[in-house]
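All remarks here apply to the structure that follows.
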Amino acid sequence: MPPPPPPSSEASDAASCTVLRPGVDVVAEIDRRKSRFLAVLRRTESTAEAQELVDALRRRHHAARHHCSAWLIGPDRHVQRANDDGEPSGTAGAPMLEVLAQTTMPSGRADLTDVAAVVVRWFGGTLLGAGGLVRAYSDAVGEALQQAVETERTLARRRMRRFLLDAPIADVGRWENELRAAGAAVRDTEYGVGPSGARLHLAVPDDDAPVAALQARIATVSAGAGDLRPAGVDWIDVEHTSDDGAGEVPA
């Protein structure tokens, strides 16, 4: 089974994707005819990080016969790798990659990225055949993905425009609350800076409509005194929302 075709190498047009929460592995285990399959998912944002997971599991479970892997990296998933690690060609890494690439996420799309999957197999003495191996490796990764979704271990990652807004110390709390309620992500609040004594770091989806809405809300809350300054574009983690729009950046 060949892996999904890689997307274009041109600049990504993606505005959002789904990622795992950082710092927490998602683990699932299945058994097939006495062979044990341990699947581990981890957020990885580079090939080096993905390979570190493979190497760590190989050291930890050195008695296992196979440490098969697959990963997707980048907002447009331009980096895709699959490794059978000694299993018959196409029976492990490629099916794992297909499950990662095609499983629907809370966004309603199959858009998971920046993820590495490793399935460690302990051979149970009975050959599973090519079809059995494809099903086992696919199912192990599928179980881990299902667990990730059910335990809310995924986040939306959105391309967002960042802004700075100076605010009077006496009003910064009210401004922050009203902007959060309007859907802006308040990334940080600094005190003792700027001409007014406080500074808000804001982000909204990279689109003209959310930016215009933010400008209008700031004009209202500041009585026209707020000066919104662009601070670049970045990919930012936000909680999933019902409309897949902006949400608060996790602490």
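The values are calculated or read from the model by the stated rules, or taken from the named source; none is laboratory data. Just so it is clear, the model here is predicted, and its values are computed rather than measured. Heads up, the Cβs are rebuilt from the backbone with ideal geometry, glycines too, and the neighbour counts pull from every protein chain shown.
What are the residues in region 128-167 that are touching a Leu at 6+ places or on another chain (Cβ under 8 Å), closer than 16 Å to Thr18 by Cα and outside any strand (DSSP E or B), if any?
Ala144, Leu145, Ala148, Arg153
State yes or no: is Ser107 polar (S, T, N, Q), under 30 Å from Leu202 (Cα atoms) and surrounded by fewer than 20 Cβ atoms within 10 Å (Cβ to Cβ)?
Yes; evaluated as a whole, the condition is true for this residue.
So, in region 168-219, of the ones that are more than 28 Å from the chain's Cα centre (by Cα) and assigned to a strand (DSSP E or B), which residue ends up surrounded by the most Cβ atoms within 10 Å (Cβ to Cβ)?
Ala198
Please enumerate the residues belonging to region 156-207 that are closer than 21 Å to Gly224 by Cβ, in contact with a Phe, Trp or Tyr (Cβ under 8 Å, 6 or more places away or on another chain) and touching a residue at least 60 places away in the same chain (Cβ under 8 Å).
Once the filter is applied, which keeps residues that are closer than 21 Å to Gly224 by Cβ, in contact with a Phe, Trp or Tyr (Cβ under 8 Å, 6 or more places away or on another chain) and touching a residue at least 60 places away in the same chain (Cβ under 8 Å), region 156-207 yields only Leu165.
Pairs needed: first member in region 220-238, within 30 Å of Pro22 (Cβ to Cβ); second member anywhere, acidic (Asp, Glu); C-beta distance under 8 Å; at least 6 residues apart or different chains.
Val233/Asp206; Val238/Glu248
Of Val99, Val119, Val115, Val134, which residue is surrounded by 14 or more Cβ atoms within 10 Å (Cβ to Cβ), within 24 Å of Glu52 (Cα to Cα), over 16 Å from the mean Cα position of the chain (by Cα) and in the same structural domain as Arg58 (by TED's automatic domain parsing)?
Val119
Quick one: which of Ala182, Ala156 is at pLDDT below 95 and in contact with a Lys or Arg (Cβ under 6 Å, 6 or more places away or on another chain)?
Among Ala182, Ala156, only Ala182 is at pLDDT below 95 and in contact with a Lys or Arg (Cβ under 6 Å, 6 or more places away or on another chain).
Among the residues of region 25-44 satisfying the criterion of being over 16 Å from Ala70 (Cβ atoms) and of a type in the set (Asp, Glu), which is surrounded by the fewest Cβ atoms within 10 Å (Cβ to Cβ)?
Among those residues, the one meeting the criterion is Asp31.
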